[in-house]
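Okay, so here's the structure we're looking at.
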Amino acid sequence: MTTNSADTIAMGLRRHFNYEERVALLFIAPVMAVLGLVAVFPIVNSFYLSFFRIKLTRPNRTPFVWFDNYIELFSDQLFWTAVLRTVSFTLMSVTAITVVALLVALLLNQDFRGRRIVSTVLLIPWAIPYVADALMWKWIYDSGYGALNGLLYQLDFIDKYMIWLGDQDKTLPLIANAFVWKEIPLATILLLVSLKSIPQDLYQAARVDGAPLMQRFFHVTLPSMRGGFMLVIIYETMIAIRHFDLFFILTEGGPGTASHVLSWEIYVETFRNLSFGSGAAMSYLLALVTFALAFFIIRTLGRRL
């Protein structure tokens, strides 16, 4: 860069920013440089790699294939099966989280003895890392000494210990159950904040009009909590769609392909098959779907706020 161009940039900065803003930019610049290096560059580079057929078993052959990686994914039956399982897992998880979190938020919004203790206990699942959460549920579901088998056997619901994670029909709901247990606290907090922000005048006006409890709930409480529901649904949907930890620790995609969701397929394609090009393409398809769903939810619920 020449001296004249540097002077021109400096004059432009002085013209558009005052002294305080220039000092702020000076302090922010190193942080932005680091973020660009560790966050922006890998994202851009992975998108670039998705246009190449990169397989580490033959590192000297990396042809540029344009959109072939994306086209091949759309013709792959295993990919569409993983998409259906991801949709099923997301619907189960987000629906259960929203319903249970709403019930818990309604409970915590009431005045009762021990409410602070219940609120504190509620935060425990949120504080546990996902790896520890997965190991805990793996022990609970264990076919030999798991707490679930022991409890159901003692209550005479089952007559023998069952291999829970070995049943293809039960695997996905069991993983969803572990995911819901971990995510409920945050969803409850978001809904509780939304619940407490409802003006009491609305309830008083509804009582004056003679509205019973359920009418007040459906016509005052739920519409006023739409912003909280939007946050919960967007956040939990994004987390559920790309979730990987529980699938890796609990089942490793099994039994068979029963828990092959998109995040697991990306892992297998990239780090087991060593196909970085197609793995990057699958990752970007997952990202686009996630952003599209978030946009749809915001447009659908946000227009009524």
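Phe51 fulfils the conditions (1) surrounded by fewer than 17 Cβ atoms within 10 Å (Cβ to Cβ); (2) farther than 20 Å from Ser194 by Cβ except for a single criterion, (1).
If the condition is being surrounded by fewer than 21 Cβ atoms within 10 Å (Cβ to Cβ) and under 18 Å from Ser46 (Cβ atoms), then the range 254-275 contributes Tyr267, Val268, Thr270, Phe271, Arg272, Asn273, Leu274, Ser275.
Quick grid of which residues meet (1) exposed (fewer than 14 other Cβ atoms within 10 Å of the Cβ); (2) under 30 Å from Leu191 (Cα atoms); (3) at pLDDT below 85:
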| residue | (1), (2), (3) |
| --- | --- |
| Thr3 | yes, no, yes |
| Leu13 | yes, no, yes |
| Ala29 | yes, no, yes |
| Phe74 | yes, no, no |
| Phe79 | no, no, no |
| Ala82 | no, no, no |
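Beta carbons closer than 7 Å, at least 6 apart along the sequence or on distinct chains, pair a first residue in the range 237-255 that is farther than 16 Å from Trp137 by Cβ and in the same structural domain as Thr90 (by TED's automatic domain parsing) with a second that is outside any loop (DSSP other than H, G, I, E, B) and charged (D, E, K, R) for Ile239/Glu183. Beta carbons closer than 9 Å, at least 6 apart along the sequence or on distinct chains, pair a first residue in the range 134-145 that is within 15 Å of Val180 (Cα to Cα) with a second that is among the acidic types (Asp, Glu) for Ala134/Asp245. Of all the listed residues (Ala211, Ala240), the sole one being aliphatic (A, V, I, L, M) and farther than 23 Å from Ala101 by Cβ is Ala211. Out of the residues in the range 260-283 meeting the condition of being over 21 Å from Phe67 (Cα atoms) and touching a Lys or Arg at 6+ places or on another chain (Cβ under 7 Å), tell me which one is modelled with the lowest pLDDT. The residue in question is His260. Of the residues that make up the range 33-44, is at least one crowded, with 16+ Cβ neighbours inside 10 Å, at pLDDT below 90, outside the structural domain of Glu265 (by TED's automatic domain parsing) and among the aliphatic types (A, V, I, L, M)? No, that holds for no residue.
The rows are residues; the columns are (1) out of contact with any Ser or Thr (no Cβ under 6 Å at 6 or more places or on another chain); (2) surrounded by fewer than 16 Cβ atoms within 10 Å (Cβ to Cβ); (3) in a helix (DSSP H, G or I).
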| residue | (1), (2), (3) |
| --- | --- |
| Ala176 | no, no, yes |
| Leu191 | yes, no, yes |
| Leu195 | yes, no, yes |
| Asp201 | yes, yes, yes |
| Gln204 | yes, yes, yes |
| Ala211 | yes, no, no |
| Leu222 | yes, yes, yes |
| Phe229 | yes, no, yes |
| Ile233 | yes, no, yes |
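Just one of the listed residues (Val87, Val83, Val65) is among the aliphatic types (A, V, I, L, M), touching a Lys or Arg at 6+ places or on another chain (Cβ under 7 Å) and either within 22 Å of Glu269 (Cα to Cα) or not assigned by TED's automatic domain parsing to the domain that holds Ile241 (or both), and it is Val65.
Can you work out which of the residues in the range 240-259 that are β-branched (Val, Ile, Thr) and not in a loop (DSSP other than H, G, I, E, B) is nearest to Leu174 (Cα to Cα)? If we take residues in the range 240-259 being β-branched (Val, Ile, Thr) and not in a loop (DSSP other than H, G, I, E, B), then Thr251 is nearest to Leu174 (Cα to Cα).
The values are calculated or read from the model by the stated rules, or taken from the named source; none is laboratory data. Given the structure is predicted, the values throughout are model-derived calculations rather than measurements. Note: ideal-geometry Cβ built from the backbone for every residue, glycine included; neighbour counts use all protein chains shown.
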